[in-house]
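Inspection log for the structure reproduced underneath, given as structure tokens.
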């Protein structure tokens, strides 16, 4: 084995140059890694500042209290909706309509002091349908003429 390593026969000056070259390469790699680490550190620092600002703007306890209140209100609304649904299911729709109609008639009779009973019943007939003026049927000749013109324009 030689004085400077495994290789025998190489000039010591060449060996020093080779080691110097390798050390410079490693130095450049380390320098690149340090710069990348510094850039990441700067980005993290800015991110930390943003997080601090957001924490100052957003009051977590207030949001939690609001969410609790909202949850309670939603639960109450859900329970009330279920109760209404159950109530509506138990009532027969026909019975309910008849009762409502009779109550409306009673109230109207009382408000009109009995005059509503003297009024004629509502008319269910439909009005006659008239044909609008100027809406006459087009003669077949004009229809055929317009159809031929349309075909001529398409081709």
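The values are calculated or read from the model by the stated rules, or taken from the named source; none is laboratory data. This structure is a prediction, so every number in the text was calculated from the model and none was measured. All Cβ positions, even for glycine, are placed from backbone atoms using ideal geometry, and neighbour counts span all protein chains on display.
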**Study point:** Flag for residue 88 being in contact with a helix residue (DSSP H, G or I) (Cβ under 9 Å, 6 or more places away or on another chain) and either part of a helix (DSSP H, G or I) or loosely packed, with under 10 Cβ neighbours inside 10 Å (or both)
**Key:** yes
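Yes/no per residue for (1) at pLDDT below 85; (2) within 27 Å of the chain's Cα centre (by Cα); (3) on the phi < 0 side of the Ramachandran plot; (4) loosely packed, with under 10 Cβ neighbours inside 10 Å:
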position: 33; (1), (2), (3), (4): no, no, yes, no
position: 36; (1), (2), (3), (4): no, no, yes, no
position: 48; (1), (2), (3), (4): no, no, yes, no
position: 51; (1), (2), (3), (4): no, yes, yes, no
position: 56; (1), (2), (3), (4): yes, no, yes, yes
position: 73; (1), (2), (3), (4): no, yes, yes, no
position: 84; (1), (2), (3), (4): yes, no, yes, no
Study note, to complete from the structure: Only one of (1) in a helix (DSSP H, G or I); (2) modelled with pLDDT under 80 does not apply to residue 126, and that is (1)
